[in-house]
1. I'd like the residue in region 83-97 that is modelled with pLDDT of 95 or more and touching a Gly at 6+ places or on another chain (Cβ under 6 Å) and, out of all such residues, is nearest to residue 36 (Cα to Cα).
2. Which residue is farthest from residue 103 (Cα to Cα), if the candidates are limited to region 43-89 and must be in a loop (DSSP other than H, G, I, E, B) and acidic (Asp, Glu)?
3. Are there any pairs, at least 6 apart or on different chains, whose C-beta atoms fall under 6 Å, with the first in region 42-67 and in contact (Cβ under 8 Å) with a residue 40 or more places away in the chain and the second surrounded by fewer than 17 Cβ atoms within 10 Å (Cβ to Cβ) and not in a loop (DSSP other than H, G, I, E, B), and if so, which?
Amino acid sequence: MFFKKSNKPNGRIDSLVGAGTTVTGDLAFSGGLRIDGEVKGNVRSAADSQGVLVISERARVEGEIHVSHLVINGTVAGPVTCTEFLELQPGARVSGDVFYTSLEMHLGAVVQGRLVHQAGGSKAVELKLAASK
């Protein structure tokens, strides 16, 4: 009868950083990426990509994250920008500001920083007063 459209990602994972693996340096990906290990560097989906990033309960990322869809259940030390859908699961520990469009936060998730809603995605909006020229 009534159906609610979900903004959640489809869950397709193309790449994996396995448990016990440490990557030092920036990661750029397209499609889906799951991190079970540790990344010391920035993680970003490729330009114009609907990248899905999953950070598992065993994972740790030290650096900036910039993706369209993100699920966190591990530890992130750095700012997070999510242009579409962000899910903070019970084990999420984020130290840094979080910029999001749509947010689902579970009981137990912790954010040490600001939660900043970005209306309409990551595009900046310039406002001008009618009296100014």
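1. The extreme case among them is 90.
2. Kept after step one, since they are in a loop (DSSP other than H, G, I, E, B), are these residues of region 43-89: 46-51, 56-59, 63-64, 73-74, 78-79, 89.
This time we only want the ones that are acidic (Asp, Glu), so: 48, 57, 64.
Details: 48: 21, 57: 19, 64: 18 Å.
Ranking the candidates gives 48 first.
3. none
For (1) surrounded by 14 or more Cβ atoms within 10 Å (Cβ to Cβ); (2) aromatic (Phe, Trp, Tyr); (3) at pLDDT 95 or above; (4) farther than 19 Å from residue 69 by Cα, each residue gets a yes or a no:
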| site | (1), (2), (3), (4) |
| --- | --- |
| 2 | no, yes, no, yes |
| 6 | no, no, no, no |
| 14 | no, no, no, no |
| 18 | no, no, no, yes |
| 35 | yes, no, yes, no |
| 42 | yes, no, yes, no |
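The values are calculated or read from the model by the stated rules, or taken from the named source; none is laboratory data. Since the model is a prediction, treat every value here as computed from it, not as a measurement. Methodologically, a virtual Cβ is constructed for each residue, glycine included, from the backbone with ideal geometry; neighbour enumeration extends over all protein chains shown.
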